[in-house]
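See structure below.
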Amino acid sequence: SHSRHPPDPPSPLRRQRQMCIRDSNHTTHLYMTPITFELMEEINKHLPKAASTEDEWVFHFTNSGSEANDFATLCARAYTRNHSIVGMRNGYHGMTEGTRGLVSVPGWKHAVPT
């Protein structure tokens, strides 16, 4: 039978969620905490094993989808050395300076003073 509630997350995820609820403050991942490392280790258990140390997984936690899209754009441009990015039609990719150009919905675009 199926439960209406998702299963409990692994303990690092559960503790991080409890800390967020309890502390209720905004922090960035510029300041790594033991729980962040535990979370990375827990996620890493479920990823394919790297063939060598050069292929090991690297984690970049972000605070929002916009920030994640900015970072993904930066990584893609650095890797390909190509600055062209394709945005999905009618897609919302964020309102940061980097993602605003990918937004294709007219109501979400804002004029920039020149």
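The set of residues from segment 60-90 being within 30 Å of THR36 (Cβ to Cβ), of a type outside the set (Val, Ile, Thr) and either outside any helix (DSSP H, G or I) or modelled with pLDDT under 85 (or both) comprises HIS60, PHE61, ASN63, SER64. All but one of (1) more than 17 Å from the chain's Cα centre (by Cα); (2) of a type outside the set (A, V, I, L, M); (3) open to solvent by 100 Å² or more (accessible area, probe 1.4 Å) hold for GLY101; which doesn't? The one condition GLY101 does not meet is (3).
Every residue in segment 31-47 that is open to solvent by less than 90 Å² (accessible area, probe 1.4 Å), over 30 Å from GLU97 (Cα atoms) and part of a loop (DSSP other than H, G, I, E, B), please. Within segment 31-47, LEU47 is the sole residue that qualifies. Residues that are modelled with pLDDT of 75 or more, open to solvent by less than 100 Å² (accessible area, probe 1.4 Å) and of a type in the set (Ser, Thr, Tyr) are absent from segment 9-27 altogether. Cβ-Cβ distances below 6 Å connect the following pairs, each with a first residue in segment 55-84 that is over 26 Å from GLU41 (Cβ atoms), a second residue that is at pLDDT 85 or above and surrounded by 13 or more Cβ atoms within 10 Å (Cβ to Cβ), and a separation of six or more residues or different chains: HIS83/ARG77.
The values are calculated or read from the model by the stated rules, or taken from the named source; none is laboratory data. Note that the structure is predicted; figures quoted are calculated from it, not measured. Note: ideal-geometry Cβ built from the backbone for every residue, glycine included; neighbour counts use all protein chains shown. The accessibility values were calculated without ligands, DNA or RNA, using every heavy atom of the protein model including side chains. Shrake-Rupley method; radii C 1.70, N 1.55, O 1.52, S 1.80 Å.
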